[in-house]
Ligand code: HEC
Ligand code: HEC
Ligand code: HEC
Ligand code: HEC
Ligand code: HEC
């Protein structure tokens, strides 16, 4: 597993550095480029146990600590990295090539930048873990574009990402959350609008 993580250009940081191997718990299903999860019944923290009970993904661990705050502070637009957001259903997550548009030249002396440069040079990419999303059994469909057109702020649904490093799941996308606003804004509330 560590070999796979190293091959993906990162340390085994998806796993608890963990003194005891029995407390190593997966942080969700493995994504392409990430090591497969090993399930144990033990959970490393009470929070993880609660997340598990509520069938909620535990806080994801990203391949590198990506600083949203730094980028938004330098006026890089959300859409620069999440370029699908005003065009269709998915916002999209940036590939390392997008990072290198700037980091070929910017901050090239910093360790994290050297890490992503090395990854790119090996033809590898960053395997970002998803923060938001629905379980398949909820059969929910979502589409960003109509919301952006209707001028719903990113922060309404994602919290203040501009102050976060890696994105935090700070807003729960429950059915009530969606339907309340649809009622207020006279957006459609038929079941089939959101469910398939
Ligand atoms: C539009 C330009 C731009 C893009 C695209 C971009 N960055 Fe940056 N990034 C910057 C700027 C500007 C800074 C601040 C540099 C400084 O502190 O002088 C920065 C800083 C960083 C830092 C902090 C470096 C440090 O240790 O101080 C990290 C880490 C980083 N970027 C990672 C990424 C990753 C990963 C991506 C791709 C997902 C990315 N960046 C895409 C412009 C960009
Ligand atoms: C009306 C609520 C809403 C608004 C407004 C919104 N999002 Fe989202 N966003 C969601 C939901 C719900 C998901 C999970 C969708 C899924 O998995 O099907 C999501 C997922 C994402 C993702 C994960 C990757 C992907 O491809 O979808 C990113 C990145 C994202 N949003 C960025 C943004 C940005 C940037 C903005 C503002 C320009 C924004 N969102 C505005 C609700 C919203
Ligand atoms: C320089 C590139 C960059 C910019 C600019 C940027 N993001 Fe991100 N965003 C990322 C990367 C890389 C990730 C994956 C790591 C993480 O989850 O933090 C991400 C993840 C997210 C996620 C979590 C998606 C999911 O469900 O997995 C949300 C929500 C998000 N960004 C919203 C925003 C918003 C809102 C803005 C503008 C205020 C913004 N981002 C600006 C690069 C960027
Ligand atoms: C803050 C307000 C707000 C929230 C929260 C919100 N929406 Fe919306 N939604 C809107 C508005 C406004 C529209 C645009 C209606 C239009 O285009 O006339 C819309 C449109 C949509 C559409 C497209 C409808 C169509 O006509 O095809 C879908 C699907 C949708 N929303 C699903 C969701 C889901 C799922 C959530 C929760 C994760 C959600 N929305 C949360 C305000 C919101
Ligand atoms: C505006 C979007 C939207 C509309 C309209 C909508 N739902 Fe949902 N629904 C959701 C979301 C989002 C979830 C997922 C909640 C979660 O994961 O916590 C959900 C979850 C559910 C669930 C799973 C249990 C739960 O509450 O989490 C059921 C059952 C359900 N919806 C039925 C319906 C029915 C029946 C209608 C029509 C009367 C409807 N929904 C209309 C967005 C919507």
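The listed residues are 56, 97, and the only one of them that is within 16 Å of ligand 5 (Cβ to nearest atom) and either modelled with pLDDT under 95 or exposed (fewer than 15 other Cβ atoms within 10 Å of the Cβ) (or both) turns out to be 56. Considering the conditions (1) surrounded by fewer than 15 Cβ atoms within 10 Å (Cβ to Cβ); (2) in the same structural domain as residue 167 (by TED's automatic domain parsing); (3) more than 19 Å from residue 161 (Cα to Cα); (4) in contact (Cβ under 8 Å) with a residue 24 or more places away in the chain, residue 112 is excluded by exactly one of them, (2).
Within region 183-191, identify whether any single residue is within 10 Å of ligand 2 (Cβ to nearest atom), in the same structural domain as residue 81 (by TED's automatic domain parsing) and within 17 Å of residue 85 (Cβ to Cβ), and answer yes or no. Within region 183-191, not a single residue is within 10 Å of ligand 2 (Cβ to nearest atom), in the same structural domain as residue 81 (by TED's automatic domain parsing) and within 17 Å of residue 85 (Cβ to Cβ). Of the helices (runs of 4 or more DSSP H) lying entirely inside region 58-150, the ones with 3 or more residues being farther than 22 Å from residue 187 by Cα and more than 16 Å from ligand 4 (Cβ to nearest atom) are found at 68-73, 78-81, 96-103, 111-121. The set of residues in region 151-169 that are within 16 Å of ligand 4 (Cβ to nearest atom), in a loop (DSSP other than H, G, I, E, B) and either under 21 Å from residue 98 (Cα atoms) or in contact with a helix residue (DSSP H, G or I) (Cβ under 7 Å, 6 or more places away or on another chain) (or both) contains only 167. Exactly one condition in (1) closer than 28 Å to residue 70 by Cα; (2) near ligand 2 (Cβ under 10 Å from one of its atoms) is false for residue 134; which is it? Failed condition: (1).
The values are calculated or read from the model by the stated rules, or taken from the named source; none is laboratory data. None of the values given here were measured: they were computed from a predicted structure. As a convention, Cβ positions derive from the backbone with ideal geometry for all residues, glycine included, and neighbour counts pool all protein chains shown.
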